[in-house]
Amino acid sequence: MTTYPGLRLLQTASFTSSLDRVMITPLLVMIAEDLGLSLASVTIVATVHLLSYGAMQMLWALLSDRYGRVPTMRLALFAAAFSSLGAAASGSLGTLVAARAASGAAFAAVIPGAMVYIGDTVAVRERQGPLTDLMRGTAVGAAVATVGAGLLADLTSWRLPFAVVGGGALLLAVFLSRLPEPTGLTPLSSRSAVLAVVRSRWAVLVLALALGEGFVMLAVLNFVPAALQAADGLSATAAGGVVACYGIGALVTAPVVKRLSAADVSRERLIAVGGPVAALSLLAFPARPGVPAMLVGCAVLGCGWAFLHSSLQTWATEVVPGARAAMVSLFATVLFLGNAAGTFAGGLVLTVADFRLLFLIFALLGVPVVVSAWLGSRRYAS
């Protein structure tokens, strides 16, 4: 089996970035109690982090084109380390919000940067394997965050998870110096790169699919803990453990995707497997709301996501080769914008309906996303 230099470092960096982004959910109640504030006022900590994470994607991409992939990722990790340590030491809501905004902006460089690095250094036919490994690190980070951060905070303080992430980012910034900089690249200028992306109908399609993925398949997970807490009275840690099954499903399935891609199974066929699996998993949520159905739904969604999302990631790295950094950063941006939009829209639905109807809407919206992904990949390959 082919090994790729630096893949474990990039995978660990993606794990840390995902951990940082997701771990805030089980900490919000503890932060509110410690600072003597309402939960509603503390949710701004999560909001500003996600907004800065999405807003900074393109800037980091342009910096990596100008100053190099590895130096840009190292700079971002140093910034992430100090901002995370600042969050751990925060004594007021204002300083915590500022620190989390800074960490979101810094970590925004990591996962897209790792994807671009693989795109720069691995041939197209071999690329889905390492990108699947990268996605596995991201999924594991999300799974660990939903359970580990809450457990660690229960045992000590809400500050310790931030300190752990800060220390990990600092070590990664140091170790990443071992990663060789890709050579022989002639990236387009910033303006030309963006224009190349928006003028490519295939690039626009991939971005639209990423938006749909985020709107449906990521946003739905944000409502699972609340649904379980409302219906079954689960604790935040237990409800987070149910959502962690999504990461476990992706983790278990990723090696299968890697072996199939190594055997030259086409992207069209991988999407033909993963798309329907992901779409069908969404039916478990409205069918019988409760812990067993949610466990199955989250786990199967993770399995389908491993096939579908890794295929779209690979497609994003190849569709506009001369503007790879811009394309991948936009891919990440629209994915998380879709997540935010789906979460906002879901909140509006809950003001007039129950969780069962909300989950049914997500299940129905999943169908056009996966059908479009399969048809698009088929046309692209022909």
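Quick one: which of VAL140, VAL147, VAL116, VAL124 is surrounded by 24 or more Cβ atoms within 10 Å (Cβ to Cβ) and in contact (Cβ under 8 Å) with a residue 60 or more places away in the chain?
Numbers: VAL140 fails: surrounded by 24 or more Cβ atoms within 10 Å (Cβ to Cβ); VAL147 fails: surrounded by 24 or more Cβ atoms within 10 Å (Cβ to Cβ); VAL124 fails: surrounded by 24 or more Cβ atoms within 10 Å (Cβ to Cβ).
So the residue among VAL140, VAL147, VAL116, VAL124 that is surrounded by 24 or more Cβ atoms within 10 Å (Cβ to Cβ) and in contact (Cβ under 8 Å) with a residue 60 or more places away in the chain is VAL116.
Looking at (1) open to solvent by 10 Å² or more (accessible area, probe 1.4 Å); (2) assigned to a helix (DSSP H, G or I); (3) within 23 Å of GLY342 (Cβ to Cβ), which is the one condition that is false for VAL252?
Condition not satisfied by VAL252: (3).
For the stretch 58-74, enumerate the residues that are more than 20 Å from the chain's Cα centre (by Cα), surrounded by fewer than 18 Cβ atoms within 10 Å (Cβ to Cβ) and assigned to a helix (DSSP H, G or I).
ARG66, TYR67, PRO71
Within the stretch 276-318, count every residue that is open to solvent by less than 30 Å² (accessible area, probe 1.4 Å), of a type in the set (A, V, I, L, M, F, W, C) and under 24 Å from GLU126 (Cβ atoms).
Within the stretch 276-318, residues that are open to solvent by less than 30 Å² (accessible area, probe 1.4 Å), of a type in the set (A, V, I, L, M, F, W, C) and under 24 Å from GLU126 (Cβ atoms) number 7.
Evaluate the stretch 37-54: report whether one residue or more is among the small types (Gly, Ala, Ser) and touching a residue at least 60 places away in the same chain (Cβ under 8 Å).
So in the stretch 37-54, the residues among the small types (Gly, Ala, Ser) come out as 38, 40-41, 46, 52, 54.
Among the residues that remain, those that are also touching a residue at least 60 places away in the same chain (Cβ under 8 Å) are: 54.
Yes, because at least one residue in the stretch 37-54 is among the small types (Gly, Ala, Ser) and touching a residue at least 60 places away in the same chain (Cβ under 8 Å).
Kindly indicate whether any position in the stretch 208-215 is surrounded by fewer than 23 Cβ atoms within 10 Å (Cβ to Cβ), farther than 26 Å from SER103 by Cβ and either among the small types (Gly, Ala, Ser) or at pLDDT 80 or above (or both).
Yes, because at least one residue in the stretch 208-215 is surrounded by fewer than 23 Cβ atoms within 10 Å (Cβ to Cβ), farther than 26 Å from SER103 by Cβ and either among the small types (Gly, Ala, Ser) or at pLDDT 80 or above (or both).
For the stretch 343-360, check the following and say yes or no: at least one residue is of a type outside the set (D, E, K, R), touching a Pro at 6+ places or on another chain (Cβ under 6 Å), under 22 Å from ILE248 (Cα atoms) and modelled with pLDDT of 90 or more.
Yes.
The values are calculated or read from the model by the stated rules, or taken from the named source; none is laboratory data. Note that this is a predicted model, so its numbers are computed, not measured. Note that we place each Cβ from the backbone using ideal geometry, even for glycine, and neighbour counts take in every protein chain shown. When the accessible area is computed, the model is the full protein with side chains, heavy atoms only, and any ligands, DNA or RNA have been set aside. Shrake-Rupley method; radii C 1.70, N 1.55, O 1.52, S 1.80 Å.
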